[in-house]
Amino acid sequence: QGQLVESGGGLVQAGGSLRLSCAASGRTFSRNRMGWFRQAPGKEREFVASISWSGGTTYYADFVKGRFTISRDNAKNTVYLQMSSLKPEDTAVYYCAEYTLGIPTSARSYDDWGQGTQVTVAS
């Protein structure tokens, strides 16, 4: 059975940029919406962004609007999260997951979570 694998995290200075990738390993993407979430220490997992299969519909959390961009390349079975103007409060483990059913901004509506990639933003 395949899995989702996140990559691209790291340490960056405030104001910097990173691009995260989420690749489907061992399987192809289902024709589903994909989402990015993040979890900081001691906090609940929170929604960051999601994108429909076609890429035509995207949702963003208010705190990343104008700074982050979600995109996907279905031929490469990969979803991306371009992050710019990073802030220390963006520090978290970032996860991707596949939408199943329900509210597209709720973690409960997603399944098949990757292992996450750590993003640390230094002030």
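The values are calculated or read from the model by the stated rules, or taken from the named source; none is laboratory data. Note that this is a predicted model, so its numbers are computed, not measured. A quick note on method: Cβ atoms are made from the backbone with ideal geometry, for glycine too, and the neighbour counts reach across all protein chains shown. To get the accessible areas, we keep the full protein, side chains included, count just its heavy atoms, and leave off ligands, DNA and RNA. Shrake-Rupley method; radii C 1.70, N 1.55, O 1.52, S 1.80 Å.
Could you give me the residue pairs with C-beta distances under 6 Å whose first residue belongs to segment 94-119 and is at pLDDT 95 or above, whose second residue is assigned to a strand (DSSP E or B) and among the β-branched types (Val, Ile, Thr) wherever it lies, and which are 6+ apart or on separate chains? Correct list of pairs: TYR94/THR117; TYR94/VAL119; CYS96/VAL79; GLY116/VAL93; GLN118/VAL93.
When the residues of segment 19-49 are filtered to those that are open to solvent by less than 30 Å² (accessible area, probe 1.4 Å) and of a type in the set (A, V, I, L, M), the one that is modelled with the lowest pLDDT is ALA24. Within segment 88-107, restricting attention to residues that are in contact with a Ser or Thr (Cβ under 9 Å, 6 or more places away or on another chain) and exposed (fewer than 13 other Cβ atoms within 10 Å of the Cβ), the residue that is nearest to ASN77 (Cα to Cα) is LEU101.
The conditions of being out of contact with any helix residue (DSSP H, G or I) (no Cβ under 9 Å at 6 or more places or on another chain), surrounded by 16 or more Cβ atoms within 10 Å (Cβ to Cβ) and modelled with pLDDT of 95 or more are met by ALA61.
For segment 15-72, which fully contained strands (runs of 3 or more DSSP E) count at least 1 residues that are touching a residue at least 24 places away in the same chain (Cβ under 8 Å), under 18 Å from ASP112 (Cβ atoms) and within 14 Å of the chain's Cα centre (by Cα)?
Details: elements: 18-25, 34-39, 46-51, 58-60.
Ranges flagged: 18-25, 34-39, 46-51.
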